[in-house]
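Working notes, structure below.
The values are calculated or read from the model by the stated rules, or taken from the named source; none is laboratory data. No experiment lies behind these values; they were computed from the predicted model shown. We place every Cβ from the backbone using ideal geometry, glycine too, and count neighbours over all the protein chains shown.
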Amino acid sequence: MTQDPVVRLHLYFARDNDRAVILRQGPSKQFRLILWHRDTDTFEDGQWLKHKVYPERCDLSPDGRHFLYFALNGDWSGVSEGAYSALSRPPYFTALALFPEGSTWGGGGRFLDNVHYVAVGGADVIGRDDGLVRLYQRTPDKDCPTGLRTVDGRPAKIGKAKAERAFLRELPPDPALSLYDTLGGRLHRRRGNDLELIRDFTEMTFEPIRAPYDWREPHAEGTAEPWHPLGREEG
């Protein structure tokens with residue numbers, strides 16, 4: 001008798017509005033991004049990824065428009081098998097920027113505001129994060145008290161409170177988490193001691209989905225459309 005795969009839901013809340021992102025996990029190395037509009041409890045079911053994603057190293061921008069994630073087993077345009085950090089537009093994994101990491105010792109990222117972010121890894125190999133600014137963590141000094149610098153080495157013009165977020169090993173739990181329960185792959189709203197079911201996410205199966213902002217040419221008619229965020233198809 002085969003057991004149904006365990007489904008876990010990881011929640012990320014936008015700090016500026018009612019948007020949230022659900023990272024659905026199950027089976028263990030299949031993940032799906034879902035955009036959740038909390039004001040209306042409506043959902044946009046997004047893209048799947050057959051790579052291991054590390055939920056604790058992901059982050060959502062304050063406006064909910066961009067998602068940073070860290071995953072294992074990248075292979076895109078010369079990137080060897082290994083780990084990578086990537087920036088996407090939820091509910092899609094298709095990368096606007098991708099930073100090869102090679103191992104799981106580092107990796108991941110943080111949004112400091114809607115424009116500035118820190119992502120661990122090498123140089124970006126895609127270059128489509130238009131309007132966003134990647135910052136690098138360096139040792140604070142007299143010229144750069146926050147320790148955050150731009151790609152060309154200049155001190156970042158960013159306040160101390162925002163800068164501190166970049167150096168947190170783990171982000172503190174979002175207060176909004178206390179309003180919900182995700183046991184068994186089902187999203188509930190807490191009503192005192194009671195739970196009100198919002199949506200059951202257990203009955204989902206992998207399907208190839210193309211991000212609407214994917215700039216690559218679709219495959220020829222009769223072949224699968226590319227869906228993989230690194231430019232590679234997977235079945």
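The set of residues in the range 106-121 being among the small types (Gly, Ala, Ser) and in contact (Cβ under 8 Å) with a residue 40 or more places away in the chain consists of Gly107, Gly108, Gly109, Ala119.
Condition check: surrounded by 17 or more Cβ atoms within 10 Å (Cβ to Cβ), under 26 Å from Val7 (Cβ atoms) and either modelled with pLDDT under 85 or aliphatic (A, V, I, L, M) (or both). Does Ala211 satisfy that? When the stated conditions are applied, Ala211 passes them.
If you go through the range 162-196 and keep only what is among the aliphatic types (A, V, I, L, M), farther than 30 Å from Arg149 by Cβ and loosely packed, with under 15 Cβ neighbours inside 10 Å, you end up with Leu177, Leu179, Leu183. For the range 123-160, taking the residues that are in contact (Cβ under 8 Å) with a residue 12 or more places away in the chain and basic (Lys, Arg), the one that is surrounded by the fewest Cβ atoms within 10 Å (Cβ to Cβ) is identified as Lys160. Residues that are among the aliphatic types (A, V, I, L, M), in contact (Cβ under 8 Å) with a residue 24 or more places away in the chain and closer than 18 Å to Arg110 by Cα within the range 161-184 comprise Ala163, Ala166, Leu168, Leu171, listed in sequence order. Taking the range 87-184 and the strands (runs of 3 or more DSSP E) fully enclosed by it, the elements with 1 or more residues that are touching a Leu at 6+ places or on another chain (Cβ under 7 Å), of a type in the set (Gly, Ala, Ser) and closer than 23 Å to Ile22 by Cα are at 95-100, 109-111, 116-119.
Of all residues in the range 1-36, those that are touching a strand residue (DSSP E or B) at 6+ places or on another chain (Cβ under 7 Å) and closer than 21 Å to Thr202 by Cβ total 21. All conditions in (1) under 25 Å from Glu56 (Cβ atoms); (2) within 23 Å of the chain's Cα centre (by Cα) hold for Gly147, with the sole exception of (2).
Tyr84: under 18 Å from Tyr136 (Cβ atoms), in contact (Cβ under 8 Å) with a residue 24 or more places away in the chain and either aromatic (Phe, Trp, Tyr) or not in a loop (DSSP other than H, G, I, E, B) (or both), yes or no? Yes; evaluated as a whole, the condition is true for this residue.
How many residues does the range 39-60 contain that are within 16 Å of Thr182 (Cβ to Cβ) and surrounded by fewer than 19 Cβ atoms within 10 Å (Cβ to Cβ)? Residues flagged as within 16 Å of Thr182 (Cβ to Cβ) and surrounded by fewer than 19 Cβ atoms within 10 Å (Cβ to Cβ) within the range 39-60 amount to 4.
Residues that are in contact (Cβ under 8 Å) with a residue 24 or more places away in the chain and in a loop (DSSP other than H, G, I, E, B) were ranked within the range 185-209; the one that is nearest to Lys29 (Cα to Cα) is Phe206.
Here Arg216 clears all of (1) farther than 22 Å from Glu44 by Cα; (2) among the charged types (D, E, K, R); (3) surrounded by 10 or more Cβ atoms within 10 Å (Cβ to Cβ); (4) at pLDDT below 75 except the condition numbered (4). Pairs needed: first member in the range 34-58, under 19 Å from Val120 (Cβ atoms) and without any contact (Cβ under 8 Å) to a residue 40 or more places away in the chain; second member anywhere, not β-branched (Val, Ile, Thr) and not in a strand (DSSP E or B); C-beta distance under 6 Å; at least 6 residues apart or different chains. Hits for this filter: His51/Asn73; Lys52/Lys29.
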